[in-house]
1. In the stretch 37-46, is there at least one residue being at pLDDT 90 or above, closer than 17 Å to L14 by Cα and hydroxyl-bearing (S, T, Y)?
2. Just to be sure before I move on: is E19 of a type outside the set (S, T, N, Q), assigned to a helix (DSSP H, G or I) and modelled with pLDDT under 90 in the structure I sent?
3. Anything in the stretch 13-37 that is farther than 12 Å from W55 by Cβ and either in contact (Cβ under 8 Å) with a residue 40 or more places away in the chain or surrounded by 14 or more Cβ atoms within 10 Å (Cβ to Cβ) (or both)? List them, or say none.
Amino acid sequence: MRGSGRKEGSIPRLRHTVEQILAKRRDAEVARSKGQPIVQACRTVSITEQTCYHWRHEYGGLRSHHVKRLKNPNQGPCD
């Protein structure tokens, strides 16, 4: 593939919505609470360990009711 910026044969990157990220983080945290190591919990939700740590840092305290605020920052507080 010329001009695409990707190496030939490489897998394209997936982009997840905020809702998908929160759902996968929640599923990974549930797996962790059941005693699975972080690597196995990340594999369970089909993400890499690095992505798991990145999402934990980026979306750590975010809950589903905060998603509306991310989608429409001009809206007032979500209560």
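1. yes
2. Yes, satisfied.
3. E19, A31, R32, Q36 - these are the residues of the stretch 13-37 that are farther than 12 Å from W55 by Cβ and either in contact (Cβ under 8 Å) with a residue 40 or more places away in the chain or surrounded by 14 or more Cβ atoms within 10 Å (Cβ to Cβ) (or both).
The values are calculated or read from the model by the stated rules, or taken from the named source; none is laboratory data. Source: prediction; values computed, not measured. Every residue, glycine as well, gets a Cβ built from its backbone with ideal geometry; the counts of neighbours run over all protein chains shown.
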